[in-house]
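Report on the following structure.
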Amino acid sequence: MASDSAPPRIEILLVGMNGDLRGKQIPLEAEKKVWDGTVRLPSSTQSLDIWGDDNDDITGLSLSVGDPDGVCIPDKRSLAPMPWAPEGSKQVLSTMHEFDGTPSFMDPRAILAALLKRFEERGLTPVVATELEFYVIEDDWRETGRPRPPAKLTYRGEPNGFQLYDMSAVDALDNYLRTVRTWAKAQGLPADATTAEFGPGQFEINLLHRADALAAADDCIYLKRIAEQAAKKHGLKSTCMAKPYADHAGSGLHVHASIIDRDGNNVLDAKGGDPVRLKSVCAGMLDTMRDAQLVFAPFANSYRRFQPGSFAPVDIDWGFGHRGTAVRIPDAQGPAARIEHRVAGADVNPYLLLTAILGGMLLGLDETLDPGPATEPGKEPPAGTKKLTHDFLTAVEEFSASPFIADVFGARYQKLYGDTKRKEAITYLRTVSDFDYQTYLPRI
């Protein structure tokens, strides 16, 4: 925590390709420049890969064109206090714009906003809620090279037997979780239930629904930051890595979504009949799921979640109330009729995630699509059900070749994201791991 004597500041933030926050700290007395729209950063800021490289050799967006500036235009709706910083400090999310006033094709907030305009043109509004899972670990991971659960959740270095929804696990980290809740309230986030999940030190925080998908994504990105800053305060670290432990559950980011019309009616409400529109939007998401899997699982580690026998789906299927399916329908009747998308990991960029999900739903709203038979509880998915890929590079190639992705994200962003992730996937494939040495070197 900063000392009380440190001066307050305002941070203007951009969301990067990987859901990372970049930006500038500005003294509070110079705050006017934020609202005047005169804060600049290189446009290539939002093309940086997971290592922070601009990859000019494959993107041509940095030094080869002079690394031009863009303008950071703040979204005043996202203005929020920073309780971890000197008193009076604030943060605000911004969207990168070109100097002609157009949003940058690289900006994830702009990409989602453009898709939401398509819903607006149809007189429709998505209503979205997110459920974020994450782990809290000890802060010695840099020294040990491995994560380990908080000491309060272990006995002689081993997980202490806490279980799913175990209130003892919540109580053990009550000081940390209380800080998260207090700071979320201070920022106006619609945080709801907090539960202990399967893994030691794993928690889920639900954010209530918003009739503004962009604000819902903002809530999610702010919640991730709160979890991280609160962990620092308590000598811990939070991580949204999809699979930090080989032998414990991965972390997901589930999305609930419905659609309302101009009169406030839920257009997915089956009203006691066949949920035709619900099934159609399910079909739209299922039909585009492989194309968009690189968004749902953006890193090599992401693919370690997709394991048979886990709650992370491996089949491209749907069902009523079935928590093992990729798309679940919790309610088919009334104002709460909605879908739950269960594929993405906690490591996802929430703006790109909602773009992909809502883009698939839009297909199902514009046409009447058939998702095929539902997966029934206690039964295997129907014969012929396609599967998600377990391979990072395969996901890159399917994303890069998809007409759906080009339409929803824009062809330029499809190429940028695909080329950047291809480099990451190939680097991963070229890396010889400890597993290789321990398994193959002695025997081959």
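The values are calculated or read from the model by the stated rules, or taken from the named source; none is laboratory data. This structure is a prediction, so every number in the text was calculated from the model and none was measured. Don't worry about glycine lacking a Cβ; one is built from the backbone with ideal geometry, like all the others, and counts go over all protein chains shown. The area values use the complete protein model at the heavy-atom level, side chains included, leaving out ligands, DNA and RNA. Shrake-Rupley method; radii C 1.70, N 1.55, O 1.52, S 1.80 Å.
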TODO: Starting from the range 425-444, keep only residues that are at negative phi, then list their pairs with residues that are surrounded by 10 or more Cβ atoms within 10 Å (Cβ to Cβ) and at pLDDT 95 or above whose Cβ atoms are within a distance under 6 Å, requiring at least 6 positions of separation or different chains.
DONE: Ala425/Phe392; Ala425/Leu393; Ala425/Val396; Tyr428/Ala300
- [ ] Scan Leu79, Leu41, Leu93, Leu13 and give me the residue that is without any contact (Cβ under 8 Å) to a residue 60 or more places away in the chain, aliphatic (A, V, I, L, M), in contact with a Lys or Arg (Cβ under 9 Å, 6 or more places away or on another chain) and closer than 25 Å to Val127 by Cα.
- [x] Leu79
Task: Residue satisfying all of: in the range 2-14; of a type outside the set (Gly, Ala, Ser) and farther than 17 Å from Arg225 by Cβ; most open to solvent (accessible area, probe 1.4 Å) among these - done: Asp4
- [ ] Take Leu63 and decide whether it is at pLDDT 95 or above and not charged (D, E, K, R).
- [x] no
TODO: For the range 302-332, name all the residues that are more than 22 Å from Asn206 (Cα to Cα) and either touching a Phe, Trp or Tyr at 6+ places or on another chain (Cβ under 9 Å) or open to solvent by 40 Å² or more (accessible area, probe 1.4 Å) (or both).
DONE: Tyr303, Arg304, Gln307, Pro308, Gly309, Val314
Open item on the list: If I ask for residues that are over 16 Å from Phe299 (Cβ atoms) and of a type in the set (Val, Ile, Thr), which ones from the range 44-58 would you list?
Closed with: Thr45, Ile58
- [ ] From the list Lys152, Lys224, pick out the single residue that is among the charged types (D, E, K, R), surrounded by 13 or more Cβ atoms within 10 Å (Cβ to Cβ) and over 23 Å from the mean Cα position of the chain (by Cα).
- [x] Lys152
Task: Whichever residue in the range 269-284 is more than 19 Å from Ala356 (Cα to Cα) and in contact with a Lys or Arg (Cβ under 9 Å, 6 or more places away or on another chain) and, among such residues, is surrounded by the fewest Cβ atoms within 10 Å (Cβ to Cβ) - done: Ala270
Task: Positions within the range 314-347 being under 18 Å from Glu133 (Cβ atoms), in contact (Cβ under 8 Å) with a residue 24 or more places away in the chain and of a type in the set (Lys, Arg), in sequence order - done: Arg342
Task: Residue list for the range 119-137, filter: acidic (Asp, Glu) and buried (at least 20 other Cβ atoms within 10 Å of the Cβ) - done: Glu131, Glu133
TODO: Determine which single condition Lys232 fails, assuming it passes every other condition in (1) under 20 Å from the mean Cα position of the chain (by Cα); (2) surrounded by fewer than 20 Cβ atoms within 10 Å (Cβ to Cβ).
DONE: (1)
Task: Filtered residue count, the range 173-206, keeping only those that are over 26 Å from Thr154 (Cβ atoms), open to solvent by 10 Å² or more (accessible area, probe 1.4 Å) and either under 16 Å from the mean Cα position of the chain (by Cα) or among the aliphatic types (A, V, I, L, M) (or both) - done: 4
- [ ] List every residue pair whose Cβ atoms sit under 7 Å apart, with the two residues 6 or more apart in sequence or on different chains, where the first one lies in the range 172-195 and is under 10 Å from Ala80 (Cα atoms) and the second, anywhere, is assigned to a helix (DSSP H, G or I) and open to solvent by 50 Å² or more (accessible area, probe 1.4 Å).
- [x] none
Task: Residue satisfying condition, being free of Cβ contacts under 8 Å to residues at least 12 places away in the same chain and closer than 25 Å to Arg305 by Cβ, within set Asp219, Asp263, Asp247 - done: Asp247
- [ ] Scan the range 289-300 for residues that are open to solvent by 10 Å² or more (accessible area, probe 1.4 Å) and in contact with a helix residue (DSSP H, G or I) (Cβ under 6 Å, 6 or more places away or on another chain) and jot them down.
- [x] Arg290, Asp291, Ala300
Open item on the list: Of the residues Pro403, Pro371, only one is over 21 Å from the mean Cα position of the chain (by Cα) and over 30 Å from Thr427 (Cα atoms); which?
Closed with: Pro371
